[in-house]
Each structure stands twice: as C-alpha cells, then as structure tokens.
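Enquirer: Sharing a structure here in structure tokens format.
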Amino acid sequence: MIRILGISGSLRATSSNNVILKTVAGMAAGKADLTIYDGLADLPHFNDSEMTPPAVERFRQLLAEADAVFICTPEYAFGVPGSLKNALDWTVGTGDFVNKPVALVTASSKGDKAHAALSDTLTAISASIPEGGKLLISFVRSKLNEKGEVTDPATMDALRSVLDALIRHTTSSLN
Ligand SMILES: Cc1cc2nc3c(=O)[nH]c(=O)nc-3n(C[C@H](O)[C@H](O)[C@H](O)COP(=O)(O)O)c2cc1C
C-alpha cells in the first residue's frame, strides 16, 4: 500500500482544510495509508545555516518515507499561508520534493491566487503533479458542516477523483 503524507496549510483548530484532509484520509482507507503531518507549527523560519534544526530533519524524513504528498491549503491575504510556504522553502536545497507525486487542493473562500502560486512553487521544487491532481474548492465553508463533514456531494466526488489520480500516478511511478 502506498504511503501518502498529508500536509494542511492551516494551523487553525477548526480548519476546513484539516476537515478535508481527514475526509481524504478516510477515502484512502484500503487503497493508501494517508498520515497527516503534525509538525508544521514546529518548523523554524527558513535560513541556510549549516545546522539543520531537528524539526526540519523530521519533516525531511517523513517526506523521504512518503511515496506521495497530499497538500490541502487555504489562501491567506491573497497568498499561500506563510507556514506552508516556509515548510516548502526548507526543501529547496535538499530536493525532498524532486519527482515526488503531489496532489494539491486549495480550499478557501476563493483561493485562486494561492492555488496558482502554490502550483508554481511545486513546479519550482520539481514535484510531480499528476493529471487531475489539482483541485480548487471555493466557498469551502458552505461545503462542510459543524460536525467536520464534507456535505457537498460534488466536492466529495472531486476529492475522490484527485486522490485516485494521485494513487494511480504514484503506483505507476513506483513500478
Ligand atoms: C488571515 C486570513 C486571511 C484570509 N485571506 C483570504 C484570501 O486572501 N482569500 C480567500 O479566498 N480566503 C481568505 N480567507 C478566508 C479563508 O479562506 C477561510 O477562513 C478558510 O476557512 C480558511 O481555511 P482554514 O479553515 O483551513 O483555516 C482568509 C482567512 C484568514 C483567517
């Protein structure tokens, strides 16, 4: 079974993106093992000193162990949340994302600017985004309930399709 590292770009306790990532983890059951990264808030701001902070070592280790990555993020102030961008900046020098299959979901009020910017960043770090591996979910809060469930059937279908594209792409790149 392929291993997927889920990364949420939101640190908020009631995050919509965390709800979506947990929903995708549930969808993956039996097909892939999706573990959600819990260390985004522990990463120090990027610098290129010679000492690698332990939190960064751990992040790189989790990336190395993952066959694929599933990113789910909001847009903040017309951009990619700083904590997520910071995490990706730490991987530029070490190439942790090179040829790594990555799915990208941006779930926000609107989200188009962060979606485009993050697509560019993933290209810059040579991630391998499968055909059908990107999804923009606008008006995200209208598609969830307060119990932490995705209530919109079209959104559920679209998430399933992105996950399937990622699994297919990862499986074929491993063979
Ligand atoms: C600091 C902040 C900035 C935001 N800026 C934007 C924005 O530029 N574009 C947008 O579509 N939504 C923006 N929003 C609304 C978020 O899309 C919405 O709150 C979403 O639920 C955040 O995702 P999360 O619940 O996973 O944290 C912003 C929200 C916050 C808290």
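The values are calculated or read from the model by the stated rules, or taken from the named source; none is laboratory data. For clarity, every value in this text was computed on a predicted model and none was experimentally measured. Note that each Cβ is placed from the backbone with ideal geometry, even for glycine, and that neighbours are counted across all protein chains shown. To get the accessible areas, we keep the full protein, side chains included, count just its heavy atoms, and leave off ligands, DNA and RNA. Shrake-Rupley method; radii C 1.70, N 1.55, O 1.52, S 1.80 Å.
Enquirer: State which residue pairs qualify: first residue under 22 Å from Ser16 (Cα atoms) and open to solvent by 50 Å² or more (accessible area, probe 1.4 Å) and inside region 109-136, second residue of a type in the set (Gly, Ala, Ser) and within 16 Å of the ligand (Cβ to nearest atom) in any location, beta carbons under 9 Å apart, and separation of 6 or more residues or different chains.
Expert: Once the first residue is under 22 Å from Ser16 (Cα atoms) and open to solvent by 50 Å² or more (accessible area, probe 1.4 Å) and sits in region 109-136, its partners that are of a type in the set (Gly, Ala, Ser) and within 16 Å of the ligand (Cβ to nearest atom) give Ser109/Ser138; Lys110/Ser138; Asp112/Ser138; Lys113/Gly79; Lys134/Ser119; Leu136/Ala107; Leu136/Ser108; Leu136/Gly111.
Enquirer: Specify which of the listed residues (Ala25, Ala29) is within 16 Å of the ligand (Cβ to nearest atom) and farther than 14 Å from Thr91 by Cα.
Expert: Just a single option satisfies the conditions, and that option is Ala25.
Enquirer: Of everything in region 137-151 that's out of contact with any strand residue (DSSP E or B) (no Cβ under 8 Å at 6 or more places or on another chain) and without any contact (Cβ under 8 Å) to a residue 24 or more places away in the chain, which residue is least open to solvent (accessible area, probe 1.4 Å)?
Expert: Across region 137-151, the extreme among qualifying residues is Asn145.
Enquirer: Counting just the residues of region 42-95 that are assigned to a helix (DSSP H, G or I), over 19 Å from Ile129 (Cβ atoms) and within 13 Å of the ligand (Cβ to nearest atom), which one comes out least open to solvent (accessible area, probe 1.4 Å)?
Expert: Filtering first and then ranking leaves Ser83.
Enquirer: Among the residues of region 1-10, how many are within 13 Å of the chain's Cα centre (by Cα) and either at pLDDT below 95 or within 16 Å of the ligand (Cβ to nearest atom) (or both)? Give the derivation first.
Expert: Step one: list which residues in region 1-10 are within 13 Å of the chain's Cα centre (by Cα), which gives 4-10.
Remaining after also requiring either at pLDDT below 95 or within 16 Å of the ligand (Cβ to nearest atom) (or both): 6-10.
Total satisfying the criteria: 5.
Enquirer: Could I ask something else about it? So Gly6 ticks every box in (1) out of contact with any Cys (no Cβ under 8 Å at 6 or more places or on another chain); (2) in contact (Cβ under 8 Å) with a residue 60 or more places away in the chain; (3) not in a helix (DSSP H, G or I) but one. Which box is left unticked?
Expert: (1)
Enquirer: For the condition in contact (Cβ under 8 Å) with a residue 40 or more places away in the chain, closer than 22 Å to Val19 by Cβ and among the hydrophobic types (A, V, I, L, M, F, W, C), what is the one hit in Leu84, Leu104? Even if it seems obvious, please write down each step before you answer.
Expert: Working: Leu104 fails: in contact (Cβ under 8 Å) with a residue 40 or more places away in the chain.
When all the criteria are applied, what remains is Leu84.
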